[in-house]
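The values are calculated or read from the model by the stated rules, or taken from the named source; none is laboratory data. Model, not experiment: these values are computed from the prediction. Virtual Cβ from ideal backbone geometry, glycine too; neighbours counted across all protein chains shown.
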There are 2 protein chains.
Amino acid sequence: MNDKIPYKIYLSEDEMPKNWYNVRADMKEKPAPLLNPATKEPMTREELSQVFCEELVNQELDNDTRYIEIPKEIRDFYNMYRPSPLVRAYFLEKELQTPAKIYYKFEGNNTSGSHKLNSAIAQAYYAKKQGLKGVTTETGAGQWGTALSMATGYFGLDCKVFMVKCSYEQKPFRREVMRTYGAEVIPSPSMETNIGRQINKELPNSTGSLGCAISEAVEAAVTNEGYRYVLGSVLNQVLLHQSIIGQETKIALDKYGIKPDMIIGCAGGGSNLGGLIAPFMGEKLRGENDYEIIAVEPASCPSLTRGKYVYDFCDTGCICPLAKMYTLGSKFMPSANHAGGLRYHGMSTILSELYDKGLIKAVSVEQTKVFEAAKLFARVEGILPAPESSHAIRTTIDEALKCKENNEEKTIVFGLTGTGYFDLVAYQKFNDGEMSDYIPTDEDIQKTLAMCPKV
Amino acid sequence: MNDKIPYKIYLSEDEMPKNWYNVRADMKEKPAPLLNPATKEPMTREELSQVFCEELVNQELDNDTRYIEIPKEIRDFYNMYRPSPLVRAYFLEKELQTPAKIYYKFEGNNTSGSHKLNSAIAQAYYAKKQGLKGVTTETGAGQWGTALSMATGYFGLDCKVFMVKCSYEQKPFRREVMRTYGAEVIPSPSMETNIGRQINKELPNSTGSLGCAISEAVEAAVTNEGYRYVLGSVLNQVLLHQSIIGQETKIALDKYGIKPDMIIGCAGGGSNLGGLIAPFMGEKLRGENDYEIIAVEPASCPSLTRGKYVYDFCDTGCICPLAKMYTLGSKFMPSANHAGGLRYHGMSTILSELYDKGLIKAVSVEQTKVFEAAKLFARVEGILPAPESSHAIRTTIDEALKCKENNEEKTIVFGLTGTGYFDLVAYQKFNDGEMSDYIPTDEDIQKTLAMCPKV
């Protein structure tokens, strides 16, 4: 306990966590297993190993080991850009004139610009350790592809990134960072896979979709000797790696005797929120402490707040395993005016299970309100936030204003997952007053939900 | 002294410098004064105050006060993004297999993406304190304009940025960050000033130049009530503010008992190098310690290595005061294929004087070699460097390889001034093998040098 709390709390290297924390070990009801879409039976280790690296399959299936050691090679890489700072948002508090105490864990201080690197480097390490030649993946907004290309560049692995064609064309800078790190970036649908060729034949002007890019990446992994497929969110293994965020946060808070009342994070597939809350949720599950946890999702892609908790395909192409999750249906596509990431139709099975048990709350926010918050935050706190992260900022501001109304001195921690340098087209739209909101109708959602498989 | 040196040395808030260090106080020969271009007499306080804020004029003219207190409001803002880390480049050392110990001071961890913010916030603060409505400036590559817009946004000042028209069009993202922070960004030549209107009339298709943008910004400051002009490099006041970089570096090194043999920085107008070396140069000037200091400039704009030490105009438009500096002539323009900043025709009068006395060395490097170094650094150290900063990386690598050849265990510190997120067009050119080098001929330089004023 220490009276003097600095603006930014950095852990020393000695204080850095040496293990990831596996929240599943403390869950009484474990997240539902992935199912083989053909047999509807749980995916076996062997089946998963055709697609994923062996060690990552172990992590995916391990519901019991509470702490999993972070290999030294990964800790060395973490040392490059971690610990990330836990920042007291004094300037934001002052601007809002709120009695709330606001902290944010800032994950944008690395070239990939987001928290995605925490899992990318782990996945690349295990691929290297297995003696693989390379990995394949898809990317939409580009954060994950950038992080993965940094990680594979570091370990000298090949990296094939299938990038949704319209992003490939509209985000040449993202593409170029990946190329600078040595990745091969392929606009999807491509002519490199059967699925890509088929789509190009059927829809010659297709600008691609995340679902199609996933299908291509999986095909490329399975059909190329020495390759495996890697994914940047949703999976248990990814949440495990991202627990580094929450553990650092908890150690930093404990060091100064701070107990948060509320933890807020944006949620797309769930990698950031799952990581940020992990050790806090552990205490909550073990009955040691209580925290209010809020998942913030876009009103245009509201899987938790308006989806259903059922088995669904993880990809639009319906070639991946089935996962039990809050979903809008695998064919759900957020409106074209939706900016940034957080556009996945489902939610990590771990978070879905926790939400279903009432251990997490969820809210949805509209994007013009999100960019309003982003711009305010950028001005007073000096960091240009990613649109994804700005969802958490929006809700944090709303909660801080409630504290002001009720004169409550709550301590709020939120996850600032990344920076918005590559999202300036969206900022421009907002600055020019050309950004709008779109909320899917109940009919929209019912239509795609009706297409979920029967399990 | 401490045996265990972490990867990244962060100072605690208590350890942060509370003063800027004014190297002029320790210079026996002071830098030459600015001259009024009409009278060739030293610019008076009154003359300077028509263009610059009063307190900044005081700092500009103060050759004697060794330490100038950093006002609390500025230190509060520094706390948002400072201390910046001093990083041991273990991964680069390993890649090069050099016995040299390499450290870099990383100034890119803020939304403006560079060290420019250190002076921008100071200048905005003094403008605010003087009760001004706003400030004007020019920007080329955009780093300075971005930093200034963050600073003025924070203090609620107006900010007019005259942005070289071709940059305005080719770097819409830079422009958009500035607008997000509330700046008015005006493509130059504009229709808002006499000079702009005149150029637009004479050269209707002009895409602008830094010189023209400076002239417009100065005119806008002088003709608008409540405005002053601010500048991001070259001036004594800017080097003073940037001394925070060197002071933090020195405190961090001293803490672990590390004495650098060599300090390397890129040099355009000199703001970064002047700041990085300040306290080390102080020791050198006072005879307390010796350091080898290397300024790295682009081969396409080699003011120190191939320019002359004479009085010259600070701007192409010849409306600003004369400064005695190493210059290529105010009409010198680096070749169109030159990427990034470091394109100023002259060099800070402080650095010019130190260089003339042999206290600093200088080298020039070609840009394809610079991007080669940048790409290597990005891969092994995980940070995508700005082209400007990569000049220092290039020379650091060259020096580290010399150490390897000679089996010398030198300690090298270099300045990593910023990130390259907004320079991906240049990276793309390099990745595609389309980048070339251009070195001006002696005739080129003689031609523009011949146009320097007679003093």
Report summary line: Residue set B:LYS331, B:LYS324; condition in contact (Cβ under 8 Å) with a residue 60 or more places away in the chain, outside any loop (DSSP other than H, G, I, E, B) and surrounded by fewer than 24 Cβ atoms within 10 Å (Cβ to Cβ); output residue B:LYS324
Query raised in the report: Is there any pair with a first residue in region A:284-306 that is without any contact (Cβ under 8 Å) to a residue 12 or more places away in the chain and a second that is outside any loop (DSSP other than H, G, I, E, B) and surrounded by fewer than 23 Cβ atoms within 10 Å (Cβ to Cβ) whose Cβ atoms are under 8 Å apart and which are 6 or more apart or on different chains, and what are they?
Result: A:ASP290/A:LYS284
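Going through B:LEU235, B:LEU240 one at a time, which residue ends up being in contact with a strand residue (DSSP E or B) (Cβ under 8 Å, 6 or more places away or on another chain) and within 30 Å of B:GLY415 (Cα to Cα)?
The match here is B:LEU240.
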Query - Flag for A:GLY420 being touching a Leu at 6+ places or on another chain (Cβ under 6 Å), of a type outside the set (A, V, I, L, M) and within 14 Å of chain B (Cβ to nearest Cβ) - result: yes
Query raised in the report: So which residues in region B:41-79 are polar (S, T, N, Q) and touching a strand residue (DSSP E or B) at 6+ places or on another chain (Cβ under 8 Å)?
Result: B:GLN59, B:ASN79
Report summary line: Among residues of region B:121-139 being in a strand (DSSP E or B) and among the polar types (S, T, N, Q), the residue nearest to the chain's Cα centre (by Cα) is B:THR139
Query raised in the report: Residue check: is A:GLU225 of a type in the set (D, E, K, R), surrounded by fewer than 21 Cβ atoms within 10 Å (Cβ to Cβ), in contact with a helix residue (DSSP H, G or I) (Cβ under 8 Å, 6 or more places away or on another chain) and away from chain B (no Cβ under 14 Å)?
Result: no
**Report entry** Failed item in (1) surrounded by fewer than 22 Cβ atoms within 10 Å (Cβ to Cβ); (2) basic (Lys, Arg); (3) modelled with pLDDT under 95, with A:LYS133 passing the rest
**Finding:** (3)
Query raised in the report: Counting only residues that are more than 11 Å from chain A (Cβ to nearest Cβ), in a helix (DSSP H, G or I) and of a type in the set (Asp, Glu), how many does region B:92-120 have?
Result: 1
Query - Selected residue (criterion: surrounded by the most Cβ atoms within 10 Å (Cβ to Cβ)) from residues of region A:355-365 that are touching a Ser or Thr at 6+ places or on another chain (Cβ under 7 Å) and of a type in the set (A, V, I, L, M) - result: A:VAL365
**Report entry** Conditions (1) under 22 Å from B:TYR154 (Cβ atoms); (2) not in a loop (DSSP other than H, G, I, E, B); number of the one not met by A:SER352
**Finding:** (1)
Query raised in the report: Going through region A:338-357 one residue at a time, which ones are within 18 Å of A:VAL238 (Cα to Cα) and acidic (Asp, Glu)?
Result: A:GLU353
Query raised in the report: Looking only at helices (runs of 4 or more DSSP H) that fall completely inside region B:1-91, which ones have 3 or more residues that are modelled with pLDDT of 95 or more, within 21 Å of the chain's Cα centre (by Cα) and more than 13 Å from every other protein chain (Cβ to nearest Cβ)?
Result: B:54-61
Report summary line: Among B:GLY108, B:GLY153, B:GLY140, the single one that is within 16 Å of B:GLY182 (Cβ to Cβ) and touching a residue at least 12 places away in the same chain (Cβ under 8 Å) is B:GLY153
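Conditions tested, residue by residue: (1) more than 14 Å from chain A (Cβ to nearest Cβ); (2) of a type in the set (S, T, N, Q); (3) out of contact with any Lys or Arg (no Cβ under 8 Å at 6 or more places or on another chain).
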| position | (1), (2), (3) |
| --- | --- |
| B:ILE350 | yes, no, no |
| B:SER364 | yes, yes, no |
| B:LYS369 | yes, no, no |
| B:LEU376 | no, no, yes |
| B:SER389 | no, yes, yes |
| B:LYS402 | yes, no, yes |
Requested in this report: Give the residue that is nearest to the other protein chains (Cβ to nearest Cβ), with candidates limited to residues of region A:157-204 that are under 20 Å from A:LYS128 (Cα atoms), more than 22 Å from the chain's Cα centre (by Cα) and assigned to a strand (DSSP E or B).
Outcome: A:GLU184
Query raised in the report: Conditions: (1) without any contact (Cβ under 8 Å) to a residue 40 or more places away in the chain; (2) surrounded by fewer than 22 Cβ atoms within 10 Å (Cβ to Cβ). B:ALA183 meets all but one. Number of the miss?
Result: (2)
Query raised in the report: Which one of A:THR152, A:THR139 is surrounded by 23 or more Cβ atoms within 10 Å (Cβ to Cβ), touching a Gly at 6+ places or on another chain (Cβ under 9 Å) and away from chain B (no Cβ under 11 Å)?
Result: A:THR139
Requested in this report: Pull up region A:94-113, narrow it to residues that are among the polar types (S, T, N, Q) and at pLDDT 95 or above, then point me to the one that is surrounded by the fewest Cβ atoms within 10 Å (Cβ to Cβ).
Outcome: A:GLN97
Query raised in the report: Can A:THR417 be described as among the β-branched types (Val, Ile, Thr) and closer than 17 Å to A:GLY274 by Cα?
Result: yes
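If you scan region B:254-271, which residues turn out to be crowded, with 17+ Cβ neighbours inside 10 Å and assigned to a loop (DSSP other than H, G, I, E, B)?
Listed by number, the residues that qualify are B:ILE258, B:PRO260, B:ASP261, B:ALA267, B:GLY268, B:GLY269, B:GLY270.
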